[in-house]
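Laboratory data are not the source of any read-out in this text; all were calculated from the coordinates shown. Everything quoted here is computed from the prediction, not taken from an experiment. Positions of Cβ are backbone-derived with ideal geometry, glycine not excepted, and every protein chain shown enters the neighbour counts.
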Amino acid sequence: MNVLLSGQKAFGAAVLELLLARGHGVAAVSCPPETSDGRPDRLWTLAARLGLPLLRSGTLSAATMPGGVDLILCAHSHDFIGAATRGKTRLGAMGYHPSLLPLHRGRDAVYWTLRMGDKVAGGSVYWLTDVVDGGPIAAQGWCFTRPGDTPSGLWRRELFPLGLRLIAKALDDLDAGLIVSVPQDQALATWEPSVGRLPVYRPDLIPIGPAPEGFRVTRDRAAEREGLLRSGPVAFPVGDE
């Protein structure tokens with residue numbers, strides 16, 4: 001398969017190495033050149049060293065998609081991959097989410113898993129749709145949490161390696177001509193807010209209609225938070241935080 005990888009950091013770099021080790025083509029890599037604290041991003045650095053085409057995070061769209069892509073694979077990506085972009089591929093887009101979806105949708109799933117006292121955590125590889133973290137499941141696995149776990153500790157010990165195994169399993173299925181697509185049970189879905197992070201960037205978000213009387217419309221919830229109490233209620237697009 002010819003894959004476009006969207007991601008960042010160590011997990012994104014590990015998935016890139018996994019793709020190459022399996023013999024998949026990599027059409028391009030979409031990621032930030034730097035981390036939030038100004039250090040070179042590991043995925044960007046690896047892709048640049050390998051001479052792979054690079055797109056900056058936030059610029060991947062239907063207009064910038066290279067041709068001949070079979071699959072978009074998201075590995076620690078916080079970009080929203082819209083329908084028009086997914087439609088440029090042969091198979092669609094899938095990503096890894098560090099929770100047992102439909103539980104703990106949102107950007108800080110590991111934090112909320114521990115904050116809510118879950119004894120069992122997990123990860124899900126799922127097909128991207130217009131519902132953030134809401135698409136059908138392609139592969140899923142679980143692990144125990146431990147007393148004293150931190151989000152970073154649980155991620156490194158369990159959820160990072162679990163993600164690599166689940167992505168490999170999903171790729172195995174696709175290589176065998178099998179598309180696994182198990183709908184999420186929406187009745188069990190939970191969504192928790194981001195903790196100190198910007199909302200998912202959605203370049204392909206369709207225009208939002210006029211707001212109901214007494215409301216205004218925003219695509220940037222983070223920018224609205226400070227003025228929310230002073231400015232009145234806000235209408236958010238479906239699927240946003």
### Query
If you count, for each residue, the other Cβ atoms within 10 Å and average over each peptide, how do 41-48, 178-185 line up from highest to lowest?
41-48, 178-185
### Query
When every alpha-carbon pair in region 45-153 is counted, what percent end up more than 20 Å apart?
47 percent
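May I ask you to derive the FRET efficiency for Val180 and Glu34 from their Cβ-Cβ distance with R0 = 41 Å, giving the value to the nearest 0.05?
The pair Val180/Glu34 has a calculated efficiency of 0.70.
Could you put Lys169, Lys119 in order, starting from the residue whose Cβ has the fewest other Cβ atoms within 10 Å? Intermediate values should be presented prior to the final figure.
Values: Lys169 16, Lys119 8.
Lowest count first: Lys119, Lys169.
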## Note on the structure
Binned at 5 Å starting from 0, the alpha-carbon pair-distance distribution of region 2-188 in whole percents comes out as 1, 8, 17, 21, 21, 17, 9, 4, 1, 0
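Could you line up Met116, Met65 from fewest to most neighbouring Cβ atoms inside 10 Å?
Numbers: Met116 11, Met65 22.
By the 10 Å Cβ count, ascending, the order reads Met116, Met65.
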#### Entry: Dipole moment magnitude, nearest 20 debye, region 2-188 about Cα centre, only Lys, Arg, Asp, Glu C-beta charged
280 debye
